Amino acid sequence: MADLRDLGLSEYEANAYRALLSTGPATAKELSDESGVPMGRIYDVLGSIESQHLVRSQAASRPKKYVAVEPDTALDRLLDDRKRELEEKASQYEDVVDELTRDLRDPTAPEDGFWTAALGPEDSIDLLLERLDAADDRVVLVTGTPSSSFDLDDVSGRVFERLEAAVDRGVSVSVLLSADLARSLPPEVNERYASVLADNPDYEVRYGDGIDGNVTIIDGAEVCLEVSNPVQPDEAFATIDLQDPEFAADVSEAFADSWSDATALN
């Protein structure tokens, strides 16, 4: 059940405001008796909710009396305060991220081969997107028939966003699609490609026959491989990320042959 405390008031503040709605104009002593807020705390509580513009006071009266602001107005003010706090907190977090981005170093590349894996469709695509975000120099993405585990509209859009961001930071991107996939890409992705990246020399898309599986090469030293479910081959089982320059070089060599035989996507 919703409570005034959910909007930032303390228990005493919430009780005092509710009591004022019932009593009408009241002195601090009357409000303490009605709300259960101890007399030793009532003036601090009233000062707090008055500073939040939830009550008004009549200073000319002796003793001083207080009256509650209408609930609709009070709730709007509390909501605005919470929104403002969230915006300030978000700004603080952004400043922290900017500072840490400058301060934290990229992890040292492993001297020997290192691999990790993500199981299941959602974790698999998250791993791929993470590695695309980490690219500094070049991304090579080869994709054949998309897994039935993925929503093609959703996944292709998310991948395109990461590739677009990579190009913006100076990464060259080469995408090799199977002919079937090239024909089935969502119109929104094709339109965005045509309007945003088609003329960018650092972004090129080709399609060809005989393209199978899904492989991504990051900076010529890292390979993301999609592994199919052995029981349901059209479903994704996992994505394996291998940080091994020698293996990446072998995969890049195979890609170069298919790339030279492929057709530019118009």
Those residues of the range 36-55 which are part of a helix (DSSP H, G or I) and farther than 21 Å from T73 by Cα amount to M39, G40, R41, I42, Y43, D44
Condition broken by G8, with the remaining ones in (1) without any contact (Cβ under 8 Å) to a residue 60 or more places away in the chain; (2) out of contact with any Phe, Trp or Tyr (no Cβ under 7 Å at 6 or more places or on another chain); (3) among the small types (G, A, S) satisfied: (1)
(1) modelled with pLDDT of 80 or more; (2) assigned to a helix (DSSP H, G or I); (3) out of contact with any Ser or Thr (no Cβ under 8 Å at 6 or more places or on another chain); (4) more than 22 Å from W115 (Cβ to Cβ) all hold for S156 apart from (1)
Check every one of the strands (runs of 3 or more DSSP E) wholly within the range 174-266 and list those with 1 or more residues that are at pLDDT 85 or above and among the polar types (S, T, N, Q). 214-218, 236-243
What about D168, is it modelled with pLDDT of 90 or more, assigned by TED's automatic domain parsing to the domain that holds L129, over 16 Å from L141 (Cα atoms) and of a type outside the set (A, V, I, L, M, F, W, C)? yes
Please specify each residue of the range 54-76 satisfying the condition of being surrounded by 15 or more Cβ atoms within 10 Å (Cβ to Cβ) and within 43 Å of the chain's Cα centre (by Cα). L54, V55, A68, V69, A74
All but one of (1) farther than 13 Å from L7 by Cβ; (2) part of a helix (DSSP H, G or I) hold for P63, so report the exception by its number. (2)
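The values are calculated or read from the model by the stated rules, or taken from the named source; none is laboratory data. As the structure is a computational prediction, the values presented were derived from the model and not from experiment. Counting neighbours? That spans all protein chains shown, and the Cβs are built from the backbone with ideal geometry, glycine included.
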